[in-house]
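The values are calculated or read from the model by the stated rules, or taken from the named source; none is laboratory data. All values derive from a computational prediction rather than experimental measurement. Using ideal geometry, Cβ is built from the backbone for each residue, glycine included, and neighbour counts are taken over all protein chains shown. Heads up: the accessible areas ignore ligands, DNA and RNA and are worked out on the full protein's heavy atoms, side chains in. Shrake-Rupley method; radii C 1.70, N 1.55, O 1.52, S 1.80 Å.
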Amino acid sequence: MPGRYGSQFGPDITFLGVPRCTWSDPSTYEDADVVIIGAPFDGGTSHRPGTRFGPQYIRQSCYLPHDGSRPSLALRVDGLRGDLTVYDAGDVEMYSGDAERSVRSLQEAVYAVARTGTIPLILGGDHTIAWPDAAGVADHLGAGRVSMVHFDAHADTGDVNLGSLIGHGQPMRRLIESGAVRGDRFLQLGLRGYWPGPETLEWMSAQGMRSYEMSEIVARGLDECLTEAFEIATDECDGVFLSVDIDVCDPGHAPGTGTPEPGGLTGRELLDAVRRVTYELPVVGVDVVEVSPPYDNADITSALANRVVLEALSGIARRRRDRRDGTEWDPRRPLLDGR
C-alpha cells in the first residue's frame, strides 16, 4: 500500500490543522465524515496559470489558530471537529504536463474515498478537476445518480480547446458525455460575460441543462433561483455534487483567479449560497477550484475559498445534527440567544 504523498508544493500542512490520512489506506480515516484531497493541477488552464498552488493556500489562509477546530457563529456547529470528523489526505500527485495521467490519478483517489461512504472534498487546481471529481463519486453511487450544482462565471462546456479534450473549459461536457452526470440534472449559477458562443449554448440546451446567468439571478433573486435549482437537483438522483469555481464572484471579491469576469456574486452571496446547498441538499462531494495565488491581492481569494470550504463543512454538519435531533436551524436566531 503506497504511503501518504503529502503536499506537492510546500510543507505537508493540513486544512487548518485537521488530522492527516492516506487516501489509499481507508484504515487511516475509518471514522471520517469528510476527507479533504488536494488537486494541484493547472495543466488545463487556457489563460492565467498558478492554480497548482491553490490547495496549499486554501489550507492555510486563516488568521485563527490551525488547531483542527472551527465553530461556526451562524450555524452553531464545529465543521472540523465534534459535529464532523474531517481528515486531510494531502495532495494527489498531478503533473500538469500530463493531463490524462493526472485526471486518472485524481478519479482513482476520489473513488477510493467515496466508496467508503465518506464525502470527498477536493481543493483545486483548475476546473479540469471537476471531471474526475464528480466521475469518481459517480463510480461509487452509479452513473447518472449524482446531480451537479455548479457555481461559475463560465459554463465549462466547451468541446476541443487548443487540440485537447481535457481542460478547464470542458469538464462539464466530459461529465455529461460520459454519462457520469445527467445533463438534465446539471444546474449552473453565476454565468455571465461573452463565452460560450451560440453553438455551445445549443449543445447545452439539447442536454437539458439549466444555466442561471447573472441577469436572471439579479432579476429574480439568488434565493429564488437556488430554490428552483434544488428541486431539479434532487429529482431522481441519490446525491448532489457541489462544484465552486471561485470566479463566480466578482473580481473585486476574488481577484486571484485564472479567467476573471466582472459582474459576479459578492463573497457574502457565495457563502450564503454554499451554506444553503450543503444544509438543504444531500451533498456527496465538493470541490473548490480556480484559486490562483500568484494573481491574488493580500490573500483575498484564498481567504474566501477557505471560508467556502468551512461554510460547506458547517452546512453538512448542521444538516446532520438537525436530522439526528429533529431540530431545524433558524438563521434569524440571535447569536447570544439561550446563553
*Going by the conditions given, is Gly10 open to solvent by 30 Å² or more (accessible area, probe 1.4 Å), on the phi > 0 side of the Ramachandran plot and not aliphatic (A, V, I, L, M)?*
yes
*Could you list, in sequence order, all residues of the range 305-330 that are open to solvent by 10 Å² or more (accessible area, probe 1.4 Å), under 13 Å from the mean Cα position of the chain (by Cα) and not acidic (Asp, Glu)?*
Arg307, Leu310
*Failed condition for Val248, given (1) touching a Gly at 6+ places or on another chain (Cβ under 7 Å); (2) of a type in the set (A, V, I, L, M); (3) farther than 25 Å from Gly38 by Cα, with all others met?*
(3)
*Subset of the range 206-250 that is touching a Leu at 6+ places or on another chain (Cβ under 6 Å) and open to solvent by 60 Å² or more (accessible area, probe 1.4 Å) - its residue that is farthest from Arg185 (Cα to Cα)*: Glu213
*Determine if the range 297-304 includes at least one residue that is outside any helix (DSSP H, G or I), open to solvent by less than 30 Å² (accessible area, probe 1.4 Å), farther than 25 Å from Ser69 by Cβ and in contact (Cβ under 8 Å) with a residue 24 or more places away in the chain.*
no
*Determine whether the range 263-283 contains at least one residue that is buried (at least 24 other Cβ atoms within 10 Å of the Cβ), among the hydroxyl-bearing types (Ser, Thr, Tyr), in a helix (DSSP H, G or I) and at pLDDT 95 or above.*
yes
*Please go through the range 181-205 and pick out each residue that is over 26 Å from Gly142 (Cβ atoms), in a helix (DSSP H, G or I) and open to solvent by less than 60 Å² (accessible area, probe 1.4 Å).*
Thr200
*Name the residues in the range 3-53 that are farther than 22 Å from Tyr63 by Cβ, within 18 Å of the chain's Cα centre (by Cα) and part of a helix (DSSP H, G or I), would you?*
Thr51, Arg52
*Looking at the range 104-133, which of its residues are over 16 Å from the mean Cα position of the chain (by Cα) and not small (Gly, Ala, Ser)?*
Arg104, Glu108, Arg115, Thr116
*Before we move on, is Arg339 among the charged types (D, E, K, R), under 14 Å from the mean Cα position of the chain (by Cα) and more than 27 Å from Asp235 (Cβ to Cβ)?*
no
